[in-house]
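This report concerns only the one structure given below.
The values are calculated or read from the model by the stated rules, or taken from the named source; none is laboratory data. Everything numeric in this text was worked out from a predicted model, so none of it was measured. Cβ: placed from backbone, ideal geometry, glycine included. Neighbour counts: every protein chain shown. Please note that ligands, DNA and RNA were not included when accessible areas were found on the heavy atoms of the full protein model with its side chains. Shrake-Rupley method; radii C 1.70, N 1.55, O 1.52, S 1.80 Å.
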Amino acid sequence: MEIKFSNIYFAYGENKAPILRDFSLTAKAGDVICIKGASGSGKTTLFKLLLGFEYPTKGKITFNDKELKSTQLTQLRKQSTWLPQDLNLGEGKLKEVFYYPFSFKANEVIRPGEEYVLTTFEALGLNKNIWDEEFKNLSTGQRQRVGLALCHLLSKDIMLLDEPTSALDQRSKERVEKLLFDKEKIIISTSHDPWWLERCTQIVELEPTS
Amino acid sequence: MMEIIDLTWTQLAIGLAILILPAIILRKFKTGLLTKVGVAVVRMILQLLFVGYYLEYLFKYDNPWINVAWIVVMVIVADFSTIDRSDLRRKKSLIISIFAATFIGILIVDFFFLRFVIQLPNILAAQYTIPITGMVLGNCLRSNVIGINDFYYSIDQNLERYRFYLANGAKHNEALFPFFQKALIKAANPTLAAMATIGLVSLPGMMTGQILSGSSPLIAIKYQIMIMLAIFSGTILCVYLAIFFSSKLVFDKNHNLKHGILKK
């Protein structure tokens, strides 16, 4: 399993200055990559490019040596999980919205039982009571932990994590490490957290755009 | 039954005098709506006069092809009105899909009620086809505006959520499902509320019209029940098809909403 960004250029709009210039990166199973850089340097944009939400102006992204076009992109999306900075699972109680991603055809077989979900919540320092709370009433930290639990339970080969530890305390971070790190997986993350950076196998720094 | 009292043009002109009351209120509160009211009243009168004369002609000749042509014109007008009244732009993909959805929705509902319920010997008889189509279409227009607007606006406002689903393995229809569901609920609500209060809070226009023109209230009620069923089925069908067809055309190959679909 390999993801490769080759000489990527990207700008938001035709006449805008590129925020990514000649960016290259290779990620293989077992890699825990952290992309760091100032706000607006294009960290989250890299996830959007990889997931097909934006198109590079120049350069190529490949997944298992094949260019990331329709079929290959579908394959990548099936094998990946993405935790955005501010998770939004919509309106409803957590127990109602949490299972929606498990109803997708690609994820049906890995639907966990409620007890296992709640054990994972506890492992991440979440109180079981939040299961009955409205998702929109959860704090940023709680939503982030719920997202991390979701990423773990979706059990995908590729994890794309946007600032995964920004709202976590030390104990929760250690639990995240235990739950998510896996030699079979590719983890690509963005973070400024020194604790997280220490645990990454590769750190890529993006230059601020001038 | 009382005889029908035909209104003279003078009587109708007297009716216009009632507008003085809302005009005074709207002026007192500086709502800036007076010009709008003037334009709306003039438009309503001209449009209805045109339709009145046109319907006289349609009823006189009662030609199925002319009737169908009239339905097509009504659907085209409804199509553009839906887009203009919503937050969407006049894109070819939207114009085509909303037209197809409305036309198919209307055809199914019309065919069912005219053929199997009223059991017309001539299915395209102007006297039945045109008013029923008009009633259903007017409501489809309102529901389409609510449904389609909500669908695309919600996706735009909750783009991270929509992308989150795609990035976690959802097929396109799976990622759209929650937005589709919410849009259908919103579009169905006004008709559901109208059905729940009909007769108690309000007497519907069609029934009132029938009673005023000499029908017995029982006949009018039977027609009103039929028309409510037609309106509800027609609106849900049209909104479903409009979202379904347009969603095939306004997303790119990676399921991103194409630029320039929403006015903003």
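Starting from the Kirkwood radius over alpha-carbon pairs of region A:1-122, derive D by Stokes-Einstein at 4 °C in a medium of 1.567 mPa s and give it in µm² s⁻¹.
Details: Rh = 16.7 Å.
Reported coefficient: 77 µm²/s.
The residue among A:V176, A:F104, A:L150 whose Cα reaches farthest toward the positive pole of the charge dipole of region A:100-210, with charges on the beta-carbon of Lys, Arg, Asp and Glu, is A:F104. With N the number of residues in the protein assembly as shown, Rg(Cα) / (2.2 N^0.38 Å) evaluates to 1.28. Accessible-area loss of 20 Å² or more (1.4 Å probe, protein heavy atoms, chain alone versus all protein chains) is found in region B:169-197 for B:G169, B:K171, B:E174.
For chain A, modelled as a GNM whose springs connect Cα atoms under 10 angstrom apart, the maximal fluctuation among A:I110, A:I187, A:I19 occurs at A:I110.
Relative contact order for chain A: 31 percent, from Cα pairs under 8 Å spaced at least 6 residues apart, divided by residue count.
Annotation: the antiparallel percentage among DSSP beta bridges lying fully within region A:2-205 is about 45. Where q = 0.16, 0.19, 0.26, 0.27 Å⁻¹, what log10 of I(q)/I(0) comes from the Debye formula for region B:211-264, counting one point per Cα? Here the Debye-derived log intensity ratios amount to -0.65, -0.75, -0.97, -0.99. The alpha-carbon of A:K93 sits under 15 angstrom from the alpha-carbons of these aspartates and glutamates, leaving out residues fewer than 8 places away in its chain: A:E114, A:D132, A:E133, A:E134.
Highest mobility in the GNM of chain B, judged by mean-square fluctuation with C-alpha springs under 10 Å and restricted to B:L49, B:L200, B:L166, is found for B:L200.
In the elastic network of chain A, a GNM with C-alpha springs shorter than 10 Å, the most mobile of A:N127, A:N137, A:N15 is A:N15.
Take every Cα pair under 8 Å in region A:88-210 that's 6+ residues apart, average their separations, divide by the length, and report that relative contact order as a whole percent. Please report the intermediate quantities before stating the final value.
Values: 116 pairs, mean separation 28.8, N = 123.
Result for region A:88-210 is 23 percent.
Can you check what the Kirkwood hydrodynamic radius comes to for region A:141-210, Cα pairs only, in Å to one decimal?
Values: mean 1/r = 0.0778 Å⁻¹.
So the Kirkwood estimate lands at 12.8 Å.
Relative to the longest principal axis of chain B, what angle (0 to 90°, nearest 10) does the C-alpha long axis of helix B:126-157 take? Rounded to the nearest ten degrees, it is 30. By the Cβ distance rule of under 4.7 Å, the protein assembly as shown has these cysteines without a partner: A:C151.
When Rg and the Kirkwood Rh are both derived from Cα coordinates, the Rg/Rh ratio for region A:2-205 amounts to 0.97. So what is the diffusion coefficient of region B:6-61 in µm² per second by Stokes-Einstein at 10 °C and 1.306 mPa s, using a Kirkwood Rh over Cα pairs? Rounded, D is 120 µm²/s.
When the dipole is taken about the Cα centre of region B:63-249, and only Lys, Arg (+1) and Asp, Glu (-1) are charged at their Cβ, what size is it in debye, to the nearest 20?
Working: 14 positive and 8 negative charges, 49 e Å.
Once rounded to the nearest 20, the dipole reads 240 debye.
Restricting the calculation to Cα atoms, every distinct pair contributes to the Kirkwood radius of region B:113-253, found to be 17.2 Å. How big is the shadow of the Cα convex hull of chain B, averaged over all directions, in nm²? It is 17.8 nm². Annotation: the antiparallel percentage among DSSP beta bridges lying fully within the protein assembly as shown is about 45. Binning every alpha carbon pair distance of region B:3-132 at 5 Å from zero, what are the percents per bin? Over region B:3-132, the share of Cα pairs per 5 Å bin runs 2, 8, 12, 14, 14, 15, 14, 11, 7, 2, 1, 0 percent. Across chain B, the relative contact order, built from alpha-carbon pairs under 8 Å that are at least six residues apart, equals 27 percent.
Quick check for region B:63-249: number of Lys pairs with alpha-carbon distance under 19 Å, counting only pairs 8 or more apart or on different chains? Don't jump to the answer; show the numbers that get you there.
On the way: B:K91/B:K248; B:K92/B:K248; B:K171/B:K182; B:K171/B:K248; B:K182/B:K248.
Taking the Cα cut-off of 19 Å, the pair count is 5.
The convex hull around the C-alpha trace of region B:130-170, projected and averaged over every direction, spans 3.5 square nanometres. Since only B:I25, B:W9, B:L48 are under comparison, the one whose Cα sits farthest along the positive direction of the charge dipole of region B:6-61, derived from C-beta charges on Lys, Arg, Asp and Glu, is B:I25.
Suppose all protein chains stay in the model; what accessible area per residue would a 1.4 Å probe give for the protein assembly as shown, in Å²? Don't skip to the answer; put the middle values down first.
Working: 25150 Å² over 474 residues.
Spelled out: the 1.4 Å probe surface of the protein assembly as shown, per residue, equals 53 Å².
Quotient of the Cα radius of gyration of region B:96-168 and 2.2 N^0.38 Å, N being its number of residues: 1.59. Label-to-label distance for B:T35 and B:Q181 is 4.6 nm, based on points extended 7 Å past Cα in the beta-carbon direction.
Placing unit charges on the Cβ atoms only, positive for Lys and Arg and negative for Asp and Glu, gives region A:34-104 a dipole magnitude near 200 debye about its Cα centre.
Taking a straight line from the alpha carbon of B:K253, these aspartates and glutamates sit under 17 Å away, with near neighbours fewer than eight places off in the same chain left out: A:E54, A:E67, B:E174. Cα to Cα, under 13 Å, and not fewer than 8 places away if on the same chain: which aspartates and glutamates meet these conditions relative to A:K66? Of all the aspartates and glutamates, those that pass the test against A:K66 - Cα under 13 Å, at least 8 places apart if same chain - are A:E2. Once both labels are positioned 7 Å from their Cα atoms along Cα-to-Cβ, the gap between B:I219 and B:D6 label points is 1.9 nm. Net charge dipole, the protein assembly as shown: roughly 740 debye, given to the nearest 20, about the Cα centre with Cβ charges of +1 for Lys and Arg and -1 for Asp and Glu.
A quarter of the convex hull surface defined by the alpha-carbon atoms of region A:54-160 gives 7.8 nm² as the mean projection. Surface composition of chain A: carbon and sulfur make up 44 percent of the accessible area, probe 1.4 Å.
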